[in-house]
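Student: Dropping a structure here in structure tokens format, bear with me for questions.
The values are calculated or read from the model by the stated rules, or taken from the named source; none is laboratory data. Predicted, not measured: the structure shown is a model, and the values here were computed from it. Counting neighbours? That spans all protein chains shown, and the Cβs are built from the backbone with ideal geometry, glycine included. To get the accessible areas, we keep the full protein, side chains included, count just its heavy atoms, and leave off ligands, DNA and RNA. Shrake-Rupley method; radii C 1.70, N 1.55, O 1.52, S 1.80 Å.
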Amino acid sequence: MSSNSFAYNEQSGGGEATELGQEATSTISPSGAFGLFSSDMKKNEDLKQMLESNKDSAKLDAMKRIVGMIAKGKNASELFPAVVKNVASKNIEIKKLVYVYLVRYAEEQQDLALLSISTFQRALKDPNQLIRASALRVLSSIRVPIIVPIMMLAIKEASADLSPYVRKNAAHAIQKLYSLDPEQKEMLIEIIEKLLKDKSTGDGLEDNEKDFYDSDEEQKEKADKRKRPYAMDPDHRLLIRNTKPLLQSRNAAVVMAVAQLYWHIAPKSEAGIISKSLVRLLRSNREVQYIVLQNIATMSIQRKGMFEPYLKSFYVRSTDPTMIKILKLEILTNLANEANISTLLREFQTYVKSQDKQFAAATIQTIGRCATSITEVSDTCLNGLVCLLSNRDEIVVAESVVVIKKLLQMQPIQHGEIIKHMAKLLDSITVPVARASILWLIGENCERVPKIAPDVLRKTAKSFTSEDDLVKLQILNLGAKLYLTNSKQTKLLTQYILNLGKYDQNYDIRDRTRFIRQLIVPNEKSGALSKYAKKIFLAQKPAPVLESPFKDRDHFQLGTLSHTLNTKAAGYLELSNWPEVAPDPSVRNVEVIELAKEWTPAGKAKKENPDEKFYSESEEEEDSSESSSDSESASGSESGEDEEEDHSGDSGEDSGESGSESEAGKGRAAKHAKARGKGDSKDVDKEKENSKTSESSSGESSSIEESSSDSESESESESESESRKITKEKEKKAKQDRNPLTKDVSLLDLDDFNPVSSPVVLPTPALSPSLIADLEGLNLSATSSVISVSTPVFVPGKTHVLLHRMSGKGLAAHYFFPRQPCIFGDQMVSVQITLNNTTDQKIENIHIGGKKLPMGMQMHVFNPIESLEPAGSITVSVGIDFCDSTQTASFQLCTKDDCFSVNIQPPIGELLLPVAMSEKDFKKEQGMLSGMNETSTTIIAAPQNFASSVILQKVVNVANVGVVPSGQDNVHRFAAKTVHSGSLMLVTVELKEGSTAQLIINTEKTVIGSVLLRELKPVLSQG
């Protein structure tokens, strides 16, 4: 997922830079419309120059910015001629981004795209599967009838491609070709039939499902389910079985899609497996969390048991945004039951004290919902809400009043004292909703509080003109109810209020006043309704039902935009009903194709050698095991490539696939060499002859295959195969000289290791230059092999006070950071603590007591010190894993008699380890960490402060970084990596003209980068 997020950051970062540049130029321009036009032209001219540059780095940066523009929804079609020129670039990263652009605009710029059609045809034979698929997508996007034959030929070839990803794109291109030329229907049907017989999507997983995914308990459950009358469609069963491994995907969209599938299709007893995968997604960024939590909130209403084991995963964190907090509250409320309600109420008490007022108000509403759904705790919740009425925060009090009002509607007889207490709050509460709720409660229960209700009416009559409209309506209602029940005390007050309401500015209040007057004050004009005024005003009101806002969302399909917005979006398709008649299963029949037998030259039949029978049997077993593992890897690669289609700028899966293939090839070669080194000399000589025969046959077969595609590649493959023969013979002789033949059994000969087959052709050690360039371009790992941790350039002697001698009763402690790798763990920062005894008595049993560390932080303590003599001193080491943050590590430093609370907070520069790397590697990594991963600022200082030695001393004094050699006098580079995660931290100080310089920091840890930038800027600016 790191590669996916990297591509996204690059694109969005480029888009932001473009936006800022556009705004800046437009503000400088003197005129409005013309200035905006000129800025756009200037921006595009800049990109065109970069695309025409001779440097790949400039082209790559330009393409990232262009793709970022497209992601922002901006029109980049006028750059098509400049972009399409780079379609033949040798840089794999540029080529992939160019194809991303062409897929978007090929349909709009068809004439220009036709000029490069020969390039697209060559790309269909590119060794990189991503390029082949992208070329096919671009070709199918050109909607010109003249190229229909070319498209048909390309789809035919792609449908027989070795890569499942390319075959999938061929299937997508079929419908585009049909819409362009329906006369090709018959030929396209043949291709579709061929693709339907494709066997690459689940063979290995289907055969090995019990071994890898199903426990014995699951098998037992499945056996029980077979006895039940319910029977699932075989297609659905196959789909669910083959998508189960995708729940472990690093792509959140893939996991969400599988969860959606299980929710709507799988039986309830099997749908529970998606809960763990969805909870895992809560570690993602806030946007992903928001969507996942919304779907969990809907699921938890119908099936609480799915998420009850993960209750603590939904506890609110202080760093969560408000929208995430409220969604977690919703889920906790849905999961509440008699068993866990006490734990949840304690959690809610903490939430009410939050500084986030919206979240605190939502928590109070949540407590009210728990009180209504779980009757056992309704009294406890009500008492807790009454206690909140004395809270200092007015918003908390107001929300509590509103919730209490709803709860009291359910059992008003038992809680007269609460109503009296709330009546006293009218003098202090100013929130209109809360005041209106209190007046409504008093009006409904005016007969139970006959002494308080008239006095409340008297007070509100004084402030009637200044009250909110909502409160005025409730004052009118209260006056009407008291007029009907206690007219002696309130008759004049009610008439006074009705007169005020008669001339109010709000017409709703005026209408309500006229209605009430005619209803409660009988006169000649009064109708028959005045007789029933008391029944109308004091009728029994139904108690409110507190429901989840996600209750009515279940009719939308999970994971859709309509479900997120809770309204039907344009283009939304509802799930169809289950069919009454099962579909014909014959369309899913797979044609079994026998594996091709090993090819041997004509006239040379294989001879059975009795001496080699043991090796022959093992090799047959190895062939079968290797073929099954190959089928698994093929299905796995297809799932990875599905992600790659969504993030077309990402090459992580592609590089991983090629890397795994090369590693597998190395493993097979090593095991062949080991097998050759065993046995007696006679066996070795025989194996030499056999290997020569197999190598020559493999060389011939490879040359035959390549000649069918290209005549040039035929000659190259022949020459390479000849050179491989010579080098392999030399390697075999050297290994036989180095490894004397022995019959001792070694650990490597045990059957625990996967066997390999000797007849399989060894992987070619020599690669063509173009393929090497492609493989190098696919490498997006965070650190390369040449990057290693180096010794610190400078160790500052500054110490920090850990415990003052006055506070420690004579025990003083100081700590400093030695900037050395920690011996207690690779992810820990080494801290040295010096303990001093400033008393005249011995201090005994000095040790670290209780630790209060933030979540995830770990600490390795020093061994207890038995005694420290008077005026004595001792230095000990501890290791702390700060998790790449400047959070404080709090713990207790204890002696025999006392414990003292102390804490260690690391400077940001001490969370790094210096890294040694070349200037070339630095620039490469910096190019990969641009956009959102880059922060920069301008420094102004005297020229003497920009000397090389001065800059070096200042930077290494603040941060533990290594110096990168630079070929430019005006650029100083420093590199480090974070101790916990190993993320690179690249610092660049580039001197400009005059007395200014630019400080640039590139890192994935943007928070650490921005903090380090803030610390370095004042240090480099001052003299």
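Student: Restricting the range 1009-1019 to residues that are in contact (Cβ under 8 Å) with a residue 24 or more places away in the chain and open to solvent by 10 Å² or more (accessible area, probe 1.4 Å), which is farthest from the chain's Cα centre (by Cα)?
Tutor: The first filter runs over the range 1009-1019 and keeps only residues in contact (Cβ under 8 Å) with a residue 24 or more places away in the chain, leaving 1009-1013, 1015-1017, 1019.
Restricting the remaining residues to those that are open to solvent by 10 Å² or more (accessible area, probe 1.4 Å) gives 1010-1011, 1013, 1015, 1017, 1019.
Numbers: 1010: 21, 1011: 23, 1013: 26, 1015: 30, 1017: 32, 1019: 36 Å.
Only one residue tops the list, namely 1019.
Student: Go through the range 289-303 residue by residue and tally those that are of a type in the set (A, V, I, L, M) and open to solvent by 30 Å² or more (accessible area, probe 1.4 Å). Break it down into steps so the answer makes sense when it comes.
Tutor: First, pick out the residues of the range 289-303 that are of a type in the set (A, V, I, L, M): 291-293, 296-297, 299, 301.
This time we only want the ones that are open to solvent by 30 Å² or more (accessible area, probe 1.4 Å), so: 291, 301.
Selection size over the range 289-303: 2.
Student: Among 504, 508, which is at negative phi, open to solvent by less than 90 Å² (accessible area, probe 1.4 Å), of a type outside the set (Val, Ile, Thr) and not in a loop (DSSP other than H, G, I, E, B)?
Tutor: Details: 504 fails: not in a loop (DSSP other than H, G, I, E, B).
One residue alone meets the criteria, 508.
Student: Kindly state which helices (runs of 4 or more DSSP H) lie completely within the range 94-149 and contain at least 1 residues that are among the basic types (Lys, Arg). Explain how you work it out, then say what you get.
Tutor: Details: elements: 110-115, 117-123, 129-141.
Correct list: 117-123, 129-141.
Student: Looking at 472, 531, 541, 481, can you tell me which residue is open to solvent by 40 Å² or more (accessible area, probe 1.4 Å) and either in a helix (DSSP H, G or I) or not basic (Lys, Arg) (or both)? Before you say what the answer is, go through the steps one by one.
Tutor: On the way: 472 fails: open to solvent by 40 Å² or more (accessible area, probe 1.4 Å); 541 fails: either in a helix (DSSP H, G or I) or not basic (Lys, Arg) (or both); 481 fails: open to solvent by 40 Å² or more (accessible area, probe 1.4 Å).
From the options 472, 531, 541, 481, the qualifying one is 531.
Here is a yes/no grid of residues against (1) at positive phi; (2) open to solvent by less than 80 Å² (accessible area, probe 1.4 Å); (3) touching a Lys or Arg at 6+ places or on another chain (Cβ under 8 Å); (4) modelled with pLDDT of 50 or more:
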site: 5; (1), (2), (3), (4): no, yes, no, no
site: 26; (1), (2), (3), (4): no, yes, no, no
site: 54; (1), (2), (3), (4): no, no, no, yes
site: 61; (1), (2), (3), (4): no, yes, no, yes
site: 69; (1), (2), (3), (4): no, yes, no, yes
site: 100; (1), (2), (3), (4): no, yes, no, yes
site: 112; (1), (2), (3), (4): no, yes, no, yes
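Student: Please determine, by comparing only the residues of the range 71-92 that are of a type in the set (A, V, I, L, M, F, W, C) and farther than 16 Å from residue 122 by Cα, which one is surrounded by the fewest Cβ atoms within 10 Å (Cβ to Cβ). Break it down into steps so the answer makes sense when it comes.
Tutor: Here is the first cut: in the range 71-92, the ones of a type in the set (A, V, I, L, M, F, W, C) are 71, 76, 79-80, 82-84, 87-88, 92.
Now restrict to residues that are farther than 16 Å from residue 122 by Cα: 71, 76, 79-80, 82-83.
On the way: 71: 14, 76: 20, 79: 19, 80: 19, 82: 19, 83: 25.
Going through the qualifying residues, I end up with 71.
Student: Something else now. Under 9 Å between Cβ atoms, which residue pairs at least 6 apart in sequence (or on different chains) link something in the range 572-593 that is farther than 27 Å from residue 197 by Cβ and part of a loop (DSSP other than H, G, I, E, B) with a partner that is modelled with pLDDT of 75 or more and open to solvent by 100 Å² or more (accessible area, probe 1.4 Å)?
Tutor: Partner pairs satisfying both residue conditions: 572/561; 574/555; 574/568.
Student: Are any of the residues in the range 433-444 open to solvent by 10 Å² or more (accessible area, probe 1.4 Å), at pLDDT 80 or above, within 24 Å of residue 462 (Cβ to Cβ) and among the acidic types (Asp, Glu)?
Tutor: yes
Student: Could I ask something else about it? Filter the helices (runs of 4 or more DSSP H) completely within the range 361-424 down to those with at least 1 residues that are under 27 Å from residue 339 (Cβ atoms), open to solvent by less than 30 Å² (accessible area, probe 1.4 Å) and in contact with a Ser or Thr (Cβ under 8 Å, 6 or more places away or on another chain). Steps first, answer last, please.
Tutor: Values: elements: 378-388, 394-408, 416-424.
So the answer is 378-388, 394-408.
Student: Would you pick out the residues in the range 929-966 that are in a strand (DSSP E or B), in contact (Cβ under 8 Å) with a residue 60 or more places away in the chain, open to solvent by less than 40 Å² (accessible area, probe 1.4 Å) and of a type in the set (A, V, I, L, M, F, W, C)?
Tutor: Across the range 929-966, the qualifying residue is only 939.
Student: Search the range 549-605 for residues being within 20 Å of residue 257 (Cβ to Cβ) and open to solvent by 80 Å² or more (accessible area, probe 1.4 Å), and hand back the single one that is modelled with the lowest pLDDT.
Tutor: Filtering first and then ranking leaves 555.
Student: Does residue 926 count as in a helix (DSSP H, G or I), of a type outside the set (A, V, I, L, M, F, W, C), touching a residue at least 40 places away in the same chain (Cβ under 8 Å) and under 29 Å from residue 799 (Cβ atoms)? Working first, answer last.
Tutor: On the way: in a helix (DSSP H, G or I): yes; of a type outside the set (A, V, I, L, M, F, W, C): yes; touching a residue at least 40 places away in the same chain (Cβ under 8 Å): yes; under 29 Å from residue 799 (Cβ atoms): no.
No.
Yes/no per residue for (1) more than 24 Å from residue 355 (Cα to Cα); (2) touching a Lys or Arg at 6+ places or on another chain (Cβ under 9 Å); (3) polar (S, T, N, Q):
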{"residue": "251", "(1), (2), (3)": "yes, no, yes"}
{"residue": "280", "(1), (2), (3)": "yes, no, no"}
{"residue": "284", "(1), (2), (3)": "yes, no, yes"}
{"residue": "295", "(1), (2), (3)": "yes, no, yes"}
{"residue": "307", "(1), (2), (3)": "yes, no, no"}
{"residue": "314", "(1), (2), (3)": "no, yes, no"}
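Student: Tell me, please, whether a residue that is under 21 Å from residue 801 (Cα atoms), free of Cβ contacts under 8 Å to residues at least 24 places away in the same chain and either open to solvent by 20 Å² or more (accessible area, probe 1.4 Å) or not in a loop (DSSP other than H, G, I, E, B) (or both) can be found in the range 894-901.
Tutor: Within the range 894-901, one or more residues are under 21 Å from residue 801 (Cα atoms), free of Cβ contacts under 8 Å to residues at least 24 places away in the same chain and either open to solvent by 20 Å² or more (accessible area, probe 1.4 Å) or not in a loop (DSSP other than H, G, I, E, B) (or both).
Student: Then there is this: Just checking, does the range 270-288 include any residue being open to solvent by less than 20 Å² (accessible area, probe 1.4 Å) and closer than 17 Å to residue 551 by Cα?
Tutor: Checked the range 270-288: no residue is open to solvent by less than 20 Å² (accessible area, probe 1.4 Å) and closer than 17 Å to residue 551 by Cα.
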